[in-house]
Amino acid sequence: MDINTCFTTTQDYHTIVYYTHLIPIFITLIIIIFALIKSKFSFLSRIFGGFAGAFCLWLVGSLVTWTSPDYNLVNLFWAPLDYISVVFHLLGAYFFAVLVKEKDLSVGYKLLFIAISIPAWWITVTSNSITSFYQPVCEAYNNDFLTNYKLYVEAFALAFILFISIFNFRSFGWNKKKQIITVASALILFFTLFSLSDYISSQNGIYEINLYSLFILPIFLFMIIYSMTNLQVFNLRLMGSQLLAYVMVIMVGSQFFFLQNATSQALTLVTFVLSLSFGVLLARNAKTEEKQRLKIEKLAEELQVANQGQSSLIHFMNHQIKGRFGNIKNIFAELNSEDYGVMPANTIPLLKKGLDEANIGVNYVQGILNGASAEKGTISYNMAPIDFKSIVENAHNKQQEHADKKGLKFELEVKEGDYTVNGDTLQLGETVRNLFDNSINYTPDGSVNAVLESIGNKIRLSIKDTGVGLTDDDKSKLFKAGGRGADSLKINVNATGYGLVFVKGVIEAHKGRVWAESEGRGKGSVFYLEIPKN
């Protein structure tokens, strides 16, 4: 028999075969190598490498069966193709599951996948995957059971991908959802067309149909590249986007070196133009994102330096300024106690003024320190079942004198209900005191009325005042470090901007929330504190 018979029977399809096999092989191998190296051989990239590598192996085998003039070589490569197809479909499903779950599958799933692959493996290694081989046209006749079994496995892989997508979709944020949608769409599109063409060709014996199904490969590879770069499936750096785009264009353009007829060249030209356009867009997007990344990294470094400076300042305030104010306070307190004898009458007002100023200074520094600690989450809490009503009543009684000095009407209404919460008595007491103090300080005249009520499984404290009110700009600054209103220092010269930061930090640590409402400047405000019951 003429050894070239095999070659001549498929010669009309060689252009299409090279187009649908060689380019995907090169691109896929480059993607595998790039993903492994850039992700430092992460677990996900290794699984992807196994899946894509098995697919490349299938492409090599298919290429040989279509183009080799040696029927012995064709027979050798034809035999394991169905088993390799089973393997890369299962590995594709495995890769997608790990991508979605962000961890390896359980032993049960792994054993299931292995068990599914064993029948195809056994038929192949026992040389039963091909029942006969027709040498004149180099065409093999596959084992019917293996052919059907392969189709069942492909259907299983598709169903598994759909199940994993739907079952886990709602539990992720939008970026992760985009990953799932893109990769799932790419795999489902490719697997469906691959299996469908395989089924049709096995039914009518026209295997050329398989070649045309491979035209979907560029779309599949584009989606995978997009997922790897823009969606950060393997956390690759943005420079990789440009590299992959250039490689893709070069690979597609290289087809011009072996295409002969005008139809194939026209088809390749269209693909080349599309690839070039996609590559340019991808490269530009990567460049823009690289600039943004560098800008963000620079800002992050500056923020880190600022945070370190803030930490140093807080440390200094805690150990030096607070200590100095404490000493001054103690000195004035001792002088006012007459332990050092009776002070001259004309010095007593001055000594009392000094003690008051020392108290203000201590409270000022302590307010900043407490707010900063609450914001950073470094306050330690002694959680226990407590009566929140008692805390509010005690804070109201302590701030009554402050309100009386300003001539304000300061009332507290406690409605019937259970006020037991799981919390820290000291920190919650300081929080309520801060809220009362805030309303009193920013109410020049009129009243401050508080209401404590039990609403369902929550406890709410509302503090309504007739004070200066809040603008939208004021509201945006509340509960933030140094967040003072535009005219706050004119009304309260001792405002630090950290009192409400402390309130927010403590309440959130108790799984509650705090907010404020106001109709505008000069129309008063209402501050709300809400925490869950025990």
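The values are calculated or read from the model by the stated rules, or taken from the named source; none is laboratory data. All of these numbers come straight from a predicted model, not from anything done at the bench. Note that each Cβ is placed from the backbone with ideal geometry, even for glycine, and that neighbours are counted across all protein chains shown. Surface accessibility is based on the protein's heavy atoms, side chains included, excluding ligands, DNA and RNA. Shrake-Rupley method; radii C 1.70, N 1.55, O 1.52, S 1.80 Å.
Taken as a whole, the structure leaves T443 outside the set of residues that are closer than 15 Å to S525 by Cα, open to solvent by less than 60 Å² (accessible area, probe 1.4 Å), under 36 Å from the mean Cα position of the chain (by Cα) and touching a residue at least 24 places away in the same chain (Cβ under 8 Å).
Results for (1) within 49 Å of the chain's Cα centre (by Cα); (2) under 24 Å from G499 (Cβ atoms); (3) open to solvent by 50 Å² or more (accessible area, probe 1.4 Å); (4) modelled with pLDDT under 85, shown as yes or no for each residue.
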{"position": "N330", "(1), (2), (3), (4)": "no, no, yes, yes"}
{"position": "E338", "(1), (2), (3), (4)": "no, no, yes, yes"}
{"position": "S373", "(1), (2), (3), (4)": "yes, yes, no, yes"}
{"position": "A384", "(1), (2), (3), (4)": "yes, no, no, no"}
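Out of F502, F436, one residue alone is of a type in the set (F, W, Y), open to solvent by less than 30 Å² (accessible area, probe 1.4 Å) and modelled with pLDDT of 85 or more. It is F436.
Matching residues to (1) part of a loop (DSSP other than H, G, I, E, B); (2) over 22 Å from L189 (Cβ atoms):
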residue	(1), (2)
F95	no, no
A115	no, yes
N128	yes, yes
L151	no, no
A159	no, no
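What about Y83, is it closer than 23 Å to V17 by Cβ, open to solvent by 20 Å² or more (accessible area, probe 1.4 Å), under 38 Å from the mean Cα position of the chain (by Cα) and among the aromatic types (F, W, Y)? Yes.
Taking every residue in region 12-39 that is basic (K, R) and pairing it with any residue that is assigned to a helix (DSSP H, G or I), at least 6 positions away or on another chain, the pairs with Cβ-Cβ distances below 8 Å are K38/G240. Restricted to region 27-47, and to residues there that are surrounded by fewer than 16 Cβ atoms within 10 Å (Cβ to Cβ) and among the hydrophobic types (A, V, I, L, M, F, W, C), the residue that is nearest to K103 (Cα to Cα) is F43. Give the residue that is modelled with the highest pLDDT, with candidates limited to residues of region 163-199 that are among the aromatic types (F, W, Y) and exposed (fewer than 14 other Cβ atoms within 10 Å of the Cβ). Among those residues, the one meeting the criterion is F163. Residues in region 117-126 that are open to solvent by 60 Å² or more (accessible area, probe 1.4 Å) and either free of Cβ contacts under 8 Å to residues at least 12 places away in the same chain or outside any helix (DSSP H, G or I) (or both): I118, W122, V125. Looking at region 411-429, can you tell me whether even one residue there is over 39 Å from the mean Cα position of the chain (by Cα) and among the aromatic types (F, W, Y)? Within region 411-429, none of the residues are over 39 Å from the mean Cα position of the chain (by Cα) and among the aromatic types (F, W, Y).
Let's see how each residue does on (1) in a strand (DSSP E or B); (2) over 13 Å from Y528 (Cα atoms); (3) not β-branched (V, I, T):
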{"position": "T431", "(1), (2), (3)": "no, no, no"}
{"position": "F436", "(1), (2), (3)": "no, no, yes"}
{"position": "S439", "(1), (2), (3)": "no, no, yes"}
{"position": "P444", "(1), (2), (3)": "no, yes, yes"}
{"position": "N449", "(1), (2), (3)": "yes, no, yes"}
{"position": "L452", "(1), (2), (3)": "yes, no, yes"}
{"position": "I459", "(1), (2), (3)": "yes, no, no"}
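Per this entry, G467 is counted among residues that are crowded, with 22+ Cβ neighbours inside 10 Å, over 17 Å from I507 (Cα atoms) and out of contact with any Leu (no Cβ under 7 Å at 6 or more places or on another chain). All conditions in (1) surrounded by fewer than 17 Cβ atoms within 10 Å (Cβ to Cβ); (2) closer than 22 Å to R46 by Cβ hold for Y94, with the sole exception of (1).
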